[in-house]
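The structure appears below as structure tokens.
The values are calculated or read from the model by the stated rules, or taken from the named source; none is laboratory data. These figures come from a predicted structure and were not determined experimentally. As a convention, Cβ positions derive from the backbone with ideal geometry for all residues, glycine included, and neighbour counts pool all protein chains shown.
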Amino acid sequence: MTNSLVLVINSGSSSLKYQLVDTDTGAAVASGLVERIGESDGYITHKCGDEVIEHRGPIPDHAAGLALAFKMFDDSGHSLTGAGVRAVGHRVVHGGEVFYKPTVIDDAVVEEISRLSTLAPLHNPPNVVGIECARALLPHVPHVAVFDTAFFHGLPAAARLYAIDVEVARAHGIRRYGFHGTSHEYVSGVVAEFLGRDNSDLNQIVLHLGNGASASAIQGGKPIDTSMGLTPLEGLVMGTRSGDVDPGILMHLNRSAGMKVDDIDTLLNRRSGLMGMSGVNDFRELGQLIEDGSTAAKLAYDVYIHRLRRYIGAYLIELGGAEVITFTAGVGENSASVRADALAGLQKFGIAVDPGRNTAKSRTARVISPEGSPVTVLVVPTNEELAIARAAVAITT
Ligand code: ADP
């Protein structure tokens, strides 16, 4: 083991992802997923090279899950408690106004992240639990929080503010924070490198399309707008989230259907988006349903694409024209039809997708626009774990 190894932890409410990253090579030395935490039928899948080890059985809480994962590192010959790991990087969803760069974690930082749970009740509490458990297991290694909101901290005021009563907004921390920042920052950096361009001289649109989805407009390496807002609910249509809706719908559901705030929260976060419209949230399953002739699935797809095109159009105007449009994350990297449909009929704006390039199988960064196209369209695999690991090294060096 070298001292370039960073353990990256992404702790959710009932699952926890981890990856041991070699920041010298960028490779994932090992990775795993702890699922169904709190259930009697929990399971852990741990990958190390070609070897996959599984654990099945009750995982009462995050601490137990992480301890089991650490044991799997031991079992596969890469003990984490030895001297090998130089830092632990934690993905933290909401940094509020307080955290706008990677931050070495101490008790006060944990308390502050916990306090920000009012802004991210679904995300920050499990992030804090993951941090506490990992600190207990690796107490002598620096732990670093990397915030999903950080990249968008400096959004221009016109993009950052909601047009609501300023006193109410100020009192309750209501502004557009943006999320997936680690991915948007990483991907836009890779784009500049890939094109051999100076990032400070580039106008980009990045489309992060995974289960969660967000778009950003990046000018000279700095975001000038993004589709997610106070929470990760705003913007594009997602796997289970609605994205943009008329806020009047919330009042209507409350008054007319007697739905309480928690019901509406569940509706918009878990029972909307592709899931709400078609019954599935996974894009591959959606594609299969469309092939099988499901009109509901086709409608969900059409709404998804319509929303995506609306944001692309808005960002082209905000940027005064983009030089690069990049697709990333599960759907963006893998769905040729989404890429083709999102940018169909935009030749007038110098935007086109080459069908052969778009459908070519590849796992690396690539151009999918035709040779000589005024706007370069790219597919770039995101790697949030590597970005978090590098941030943790940078701040602890
Ligand atoms: P997250 O990190 O937000 O959980 P991912 O970036 O892993 O999500 O993206 C998951 C999405 O990517 C799922 O909807 C999945 O169906 C989709 N996806 C993965 N592979 C493919 C594929 N080959 N074709 C279409 N969609 C895919």
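Key figures
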item: Residue selected from region 276-302 under the condition within 11 Å of the ligand (Cβ to nearest atom) and charged (D, E, K, R), by the criterion nearest to the chain's Cα centre (by Cα); result: Asp282
item: Complete set of residues in region 184-210 that are among the polar types (S, T, N, Q) and surrounded by 24 or more Cβ atoms within 10 Å (Cβ to Cβ); result: Ser188, Gln204
item: Verdict on Val190 being within 13 Å of the chain's Cα centre (by Cα), within 16 Å of the ligand (Cβ to nearest atom) and of a type in the set (Val, Ile, Thr); result: no
item: From the options Ser362, Ser335, Ser373, Ser294, residue that is at pLDDT below 95 and over 30 Å from Arg160 (Cα atoms); result: Ser362
item: Criterion (over 22 Å from Ala391 (Cα atoms), more than 13 Å from the ligand (Cβ to nearest atom) and touching a Gly at 6+ places or on another chain (Cβ under 9 Å)) met by exactly one of Leu202, Leu209; result: Leu202
item: Subset of region 376-385 [buried (at least 21 other Cβ atoms within 10 Å of the Cβ) and assigned to a loop (DSSP other than H, G, I, E, B)]; result: Val380, Thr382
item: Considering residues of region 354-367 that are within 16 Å of the ligand (Cβ to nearest atom) and more than 22 Å from Gly212 (Cβ to Cβ) only, the residue surrounded by the fewest Cβ atoms within 10 Å (Cβ to Cβ); result: Lys361
item: Any chance Leu378 is over 30 Å from Asn3 (Cα atoms) and touching a residue at least 24 places away in the same chain (Cβ under 8 Å); result: yes
item: Scan of region 317-342 for residues that are of a type in the set (Gly, Ala, Ser), in contact with a strand residue (DSSP E or B) (Cβ under 6 Å, 6 or more places away or on another chain) and either under 16 Å from Tyr304 (Cα atoms) or within 8 Å of the ligand (Cβ to nearest atom) (or both), ordered by number; result: Ala329, Gly332
item: Region 219-236: number of residues that are free of Cβ contacts under 8 Å to residues at least 60 places away in the same chain and either under 17 Å from Ala120 (Cα atoms) or buried (at least 21 other Cβ atoms within 10 Å of the Cβ) (or both); result: 3
item: Total residues in region 303-316, condition within 16 Å of the ligand (Cβ to nearest atom) and more than 17 Å from Leu209 (Cβ to Cβ); result: 0
item: Elements of type helices (runs of 4 or more DSSP H) contained in region 137-233, each with 3 or more residues being modelled with pLDDT of 95 or more, closer than 30 Å to Leu80 by Cβ and not β-branched (Val, Ile, Thr); result: 181-195
